[in-house]
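K.L.:
What follows is a single structure, and I will ask about it in a moment.
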Amino acid sequence: MIKKSRKVRDYKELTRALPTQTYLDPETVYIHLQNGRCKTYDLYVDEGDHVDFGEVIGVRHGGFFEQPIHATISGTIGKIGKKLHRTGRKVDCIEIKNDFKNTYHKTITDRPDHVIDKLDQDDMVEILKQKALVGLGGSGFPSYIKLATKETINHVVVNAVECEPYLSSDYRLILDRPEEVIMGLKYVMQALNCEHGMIAIKADKNPLYEVLTQVIERRYSDLNIEVVRLGNYYPQGWEIEVFKNALGIEVPHGELPMSYGVLGFNVSTTAGIYNAVKHNLPVVERYFTLTGDAINYPQNYRVRVGTSIQDLIRQSDGYKEDFDEVLVVMGGPMMGVSTVSDDVIVSKTTTSVIVLKNTEYKEEPCVRCGSCVYSCPAHLEPVQIMNAVKRNDKDQMKSLHADRCIECGLCAYVCTSKIHVTDYVRKAKRLIR
Amino acid sequence: MTNTMPKIIRKTSPYLRRPNANAPRMMRDVTIALLPATFFAIYSFGLPALWIILTSIVSMLVTEYVFYQIQDLLQGESFKVINKQFSLYNFSAVTSGLIYGLTLPDQTPLWVVALSGVLGILLAKLLFGGMGQNIFNPAAVARVLVVVNFATLATYQTNIDGVAGATALSMNNADLFSADVLNHYPIMDLFTGIGIPGSIGETSALLLLLGGGYLAVRTSFEIRIPLMYIGTVFVLALAVAIQQGLGLWYPLYHIFSGGLMLGAIYMATDPITSPITKPARVYYGFALGVITFIIRIFGALPEGVVFSILIMNMFVTSFDYYKVTHPRFNRKRSLIFIAIIILSIVVTLVGVSYAG
Ligand code: SF4
Ligand code: SF4
């Protein structure tokens, strides 16, 4: 099994071909008041207040930025309660009870095209800031900060690679709404005065290629937008890997892609940018995959931000009865976070929840096969880092660049002896921080 | 909605593992790959070969079993027939035993086989802490113990030409560059192993290569090591052949005779006792080739394979030393490596011209 292995079984067939189910009218939504990047907040509403769809109800404070909080349905404000967040901590969430009237807040008005055509970088940055747009692929990094770059950007890349197994929400998003993605990209290119746009997909996703190229040819042939098909391996979706394979630009560890003239956005973010610019909408809904081998009906959903996962699991007919123990993973099965409860909600950055049966793997001693070294996309030597952790040799962990690990999980995935190598590398990262 | 609610438990990512990857399968593959050579050994050398192979495997297995039982008893655990560290199921002791058996001359007394087998696995593997912890290849250690302690007892079959206890390689040692050897052992015979004396499992290059092909398909070994190893011996022998005006037979003869195929494909590739990165594995294979060739033509011993493997085993930790190790080739390292290759060829040629 001595092998560089970047093929990860993808299980996308569970959901990929199914139509997206719309679930936009939950009884209640819960909106995060805190998240991984923002610890404190101010709230502008009280219990019992009525809010409109898209209304600003408060503001989160991050280290160096602020983020307005929007209501994602119209209704009455309920209590503030604690809910589990992806980070594993309990955070404050506010409840909004749906009045099913769907009244739009007055700020939600379309921008006519002739106005949009005149927007420059600063205007766009301001819009994204007001609409609290962040990296919807999971990073949660504020998009306006990215867009405000002063570097010359030669290429804008939309990352639609979605290399994590099981996930297909980006796939459905493109099939259902290719124009939003393309228009979003167009706006970014306009803001950055950039001539070249690129949408990166996996090579084996032919339907996406056809949809995108057809739409571009018919309606946007004046734009220089290319659809590139990248390799089918994992973690092809890692931004650095996308830039390398799509453009041949290698961004060294610790440097920003912008200094190399490229900027990447996740597809959902790009569609979000379109909605923010065109409809003046904040991120109120998202495409979401609920799948896994321990759930009855794996499915893609279009949901309101704030929808309870328990609701969605019910929509999918619940857990399969065959298993005593399951894992509930927010995010993909390679990098996602496993939670202790299904009482979690869809936030802006939750792409998916995967319900997996619990498999115990029998661990053997390391046979030094080297597969983990061959496979690591960051060119590390996971097994050596693991040995350094066992010896608690911090110098060695540093020399082996444990801090460069992107926690892609590949080293544990490939390990011949089924050792959880990634955990050791993670530990090393913590120890030398 | 179901009524039964499964228990939600917490783990850390990734939650998936590669199917078909496991250590026992890897070890088992080596055993399977050796089966043709093993059957051929029994066919060519008869029952003694069978006994030698069985003795070597059993001696290693039993030692490991007893060792872990004693260790468990010392740690106050209750007796279990199958205890958890014993590695019969993961095939590592069987694999070592089989390889060791195949490296032995057919006239080796069984008690020598057993004694060296016991010591080999004990000293080289168990005392280091068991599977994955050992520095030396147990099969190679056991084989060297036989050479060092019982050289006169472990002899080769007298062959048709009446050359007592010699292998094709030791014939050549007597007269360094004489093509005479070809009269006894045509290259084709060396390749197929038919009628060739030598250690029981090493005679047929063909069958050993066949097994190597199987391992390559199953990705159960690092093919760079044997390629570099055999390639290096070939290139050095070729350089000597050109300098001395010998034919192509000379390098071919070097790679097909002696334990090179067996050692290169099955012993040097033992992942536990070889370096961990791709470049280091290439350097390692190269170093093995150089040492083997030097021992062969300048050393007193006809056979350099097991010795070179043990020597290089000692340096594996240096290859993997965290300050020098690198998972990828880069231009600078490659240039240095090419310089070293050229240097090795030059040194060999100078040495040969003095010896000749
Ligand atoms: S988790 Fe880290 S160390 Fe392991 S393969 Fe990925 S980048 Fe390399
Ligand atoms: S940690 Fe696993 S993959 Fe890495 S060398 Fe050891 S056995 Fe192989």
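The values are calculated or read from the model by the stated rules, or taken from the named source; none is laboratory data. Computed from a predicted structure; not experimentally measured. Note that each Cβ is placed from the backbone with ideal geometry, even for glycine, and that neighbours are counted across all protein chains shown. Only protein heavy atoms, including side chains, enter the accessible area calculation; ligands, DNA and RNA are left aside. Shrake-Rupley method; radii C 1.70, N 1.55, O 1.52, S 1.80 Å.
K.L.:
With a cut-off of at most 16 other beta carbons within 10 Å, and DSSP calling the residue loop, which trypsin sites (Lys or Arg not before Pro) in segment A:102-193 qualify? Please list them.
P.N.:
A:LYS106, A:LYS150
K.L.:
Can you tell me the FRET efficiency between A:ASP113 and B:PHE315 if r is taken as the Cβ-Cβ distance and R0 is 56 Å, rounded to the nearest 0.05? Display every interim value, and only then the final one.
P.N.:
Working: r = 70 Å, r/R0 = 1.25.
After rounding to 0.05, the efficiency reads 0.20.
K.L.:
Moving on to the next point. Please give the Cα centre distance for segment A:1-79 versus segment A:261-276, rounded to the nearest Å.
P.N.:
17 Å
K.L.:
Which residues make up the longest stretch of chain A clear of GluC sites (Glu not before Pro) that lie in a DSSP loop with no more than 16 other Cβ atoms within 10 Å, not counting the sites?
P.N.:
On the way: sites that count: A:GLU27, A:GLU47, A:GLU151, A:GLU195, A:GLU250, A:GLU255, A:GLU321, A:GLU360, A:GLU363.
It works out to A:48-150.
K.L.:
May I ask you to evaluate 6.51 cos²θ - 1.76 cosθ + 1.60, the Karplus curve with θ = phi - 60°, for each residue of segment B:18-29 and list the ³J(HN,Hα) values in order in whole Hz, giving x for glycine and proline?
P.N.:
Each residue's phi maps through the Karplus curve to give 5, x, 6, 10, 7, 5, x, 4, 5, 5, 4, 4 Hz.
K.L.:
Continuing with the same structure: 5 Å is the cut-off here: which amide hydrogens, built 1.01 Å from N in the peptide plane, fall below it relative to A:GLU285, excluding neighbours closer than 5 in sequence?
P.N.:
Amide H to amide H, under 5 Å and 5 or more residues apart or across chains, A:GLU285 pairs with A:VAL305.
K.L.:
GNM, chain A, Cα, under 10 Å: largest mean-square fluctuation among A:GLN214, A:GLN190, A:GLN299?
P.N.:
Highest fluctuation of the listed residues: A:GLN214.
K.L.:
Local charge sum around A:HIS253 (other residues, Cβ-Cβ under 9 Å, Lys/Arg +1, Asp/Glu -1)? Don't skip to the answer; put the middle values down first.
P.N.:
Details: positive: A:ARG404; negative: A:GLU255, A:ASP403.
Around A:HIS253, the charge tally is -1.
K.L.:
Rounded to the nearest 500 deg cm²/dmol, what is the calculated helix-only ellipticity per residue at 222 nm for the protein assembly as shown, with -39500 (n - 2.57) per DSSP H run of length n ≥ 4?
P.N.:
On the way: 28 runs with 335 residues, N = 789.
Computed ellipticity for the protein assembly as shown at 222 nm equals -13000 deg cm²/dmol.
K.L.:
I'd like to check one number: the per residue accessible area of segment A:132-233, probe 1.4 Å, reported in Å² as a whole number. Before the final figure, lay out each step's value.
P.N.:
On the way: 3760 Å² over 102 residues.
Ligands and nucleic acids excluded, the result is 37 Å² per residue.
K.L.:
Could you give the longest part of chain A that holds none of the chymotrypsin sites (Phe, Trp or Tyr not before Pro) found in DSSP loops with at most 12 neighbouring Cβ atoms within 10 Å? Provide the component values of the computation, followed by the final result.
P.N.:
Details: sites that count: A:PHE64, A:PHE100.
Counting only loop sites that pass the neighbour cut-off, the longest clear stretch is A:101-433.
K.L.:
Turning to a different aspect of this structure: How much length would be gained if the chain were fully extended between A:LYS90 and A:GLU27, taking 0.36 nm per residue of separation minus their Cα-Cα distance, in nm to one decimal? Working shown, then result.
P.N.:
Values: separation 63, 0.36 × 63 = 22.68 nm, distance 2.21 nm.
Gain on extension, A:LYS90 to A:GLU27, equals 20.5 nm.
K.L.:
Expressed in nm to one decimal, what extension gain is obtained for the pair A:GLN121 and A:GLU66 from 0.36 nm per residue of sequence separation less their Cα-Cα distance?
P.N.:
Values: separation 55, 0.36 × 55 = 19.80 nm, distance 1.93 nm.
Full extension from A:GLN121 to A:GLU66 adds 17.9 nm.
K.L.:
Quick check: at a probe of 1.4 Å, how many percent of the accessible area of the protein assembly as shown sits on carbon and sulfur atoms?
P.N.:
Numbers: 18300 of 31930 Å².
Reported share for carbon and sulfur atoms: 57 percent.
K.L.:
Using label points projected 7 Å from each Cα along Cα→Cβ, tell me how many nm separate A:ARG219 and A:LYS390, to one decimal.
P.N.:
Label-label distance for A:ARG219 and A:LYS390, simple model: 5.8 nm.
K.L.:
Modelled label-to-label distance, A:HIS279 and B:GLU77, 7 Å Cα→beta-carbon offset: nm?
P.N.:
So the label points at A:HIS279 and B:GLU77 sit 6.2 nm apart.
K.L.:
How many nm separate the modelled label positions at B:ARG328 and B:LEU54, each set 7 Å beyond the Cα in the direction of the Cβ?
P.N.:
According to this spin-label approximation, the distance is 5.4 nm.
K.L.:
Could I ask something else about it? Taking θ as phi - 60°, what are the ³J(HN,Hα) couplings along segment A:350-355 by the Karplus curve (6.51, -1.76, 1.60), each to the nearest whole Hz, with x for Gly and Pro?
P.N.:
7, 8, 5, 10, 10, 9
K.L.:
Let me ask something additional. Given H placed 1.01 Å from N in the peptide plane, which residues other than close sequence neighbours of A:GLU325 have an amide H under 5 Å from its amide H?
P.N.:
Correct list: A:ASN358, B:LYS7.
K.L.:
May I ask you to evaluate 6.51 cos²θ - 1.76 cosθ + 1.60, the Karplus curve with θ = phi - 60°, for each residue of segment B:208-223 and list the ³J(HN,Hα) values in order in whole Hz, giving x for glycine and proline?
P.N.:
5, 5, 4, x, x, x, 4, 4, 5, 4, 7, 6, 9, 8, 8, 5
K.L.:
Quick one: Cα centre-to-centre distance for segment B:26-74 and segment B:296-328, in angstrom?
P.N.:
Using only Cα atoms to place each centre, the spacing works out to 25 Å.
K.L.:
Gaussian network model of chain A, Cα springs within a sub-10 Å range: biggest mean-square fluctuation belongs to which of A:GLY336, A:GLY306, A:GLY254?
P.N.:
Of A:GLY336, A:GLY306, A:GLY254, the Gaussian network model singles out A:GLY254 as fluctuating most.
K.L.:
Using Cα positions and a limit of under 28 Å, work out the lysines in reach of A:LYS101, with same-chain residues fewer than 8 apart set aside.
P.N.:
Hits, sequence-local ones excluded: A:LYS79, A:LYS82, A:LYS83, A:LYS129, A:LYS131, A:LYS278, A:LYS348.
K.L.:
With a probe of 1.4 Å, find how much accessible area chain B has per residue, and write the answer as a whole number in Å². Mind dumping the intermediate values first?
P.N.:
Numbers: 14950 Å² over 356 residues.
Solvent-accessible surface per residue comes out at 42 Å².
K.L.:
A further question follows. For the interface of A with B, what's the total buried accessible surface in square angstrom, probe 1.4 angstrom, rounded to the nearest hundred?
P.N.:
On the way: alone 19500 and 17610 Å², together 31930 Å².
The summed interface area works out to 5200 Å².
K.L.:
Springs between alpha-carbon pairs under 10 angstrom, Gaussian network model over chain B: which of B:SER44, B:SER13, B:SER308 fluctuates most?
P.N.:
B:SER13
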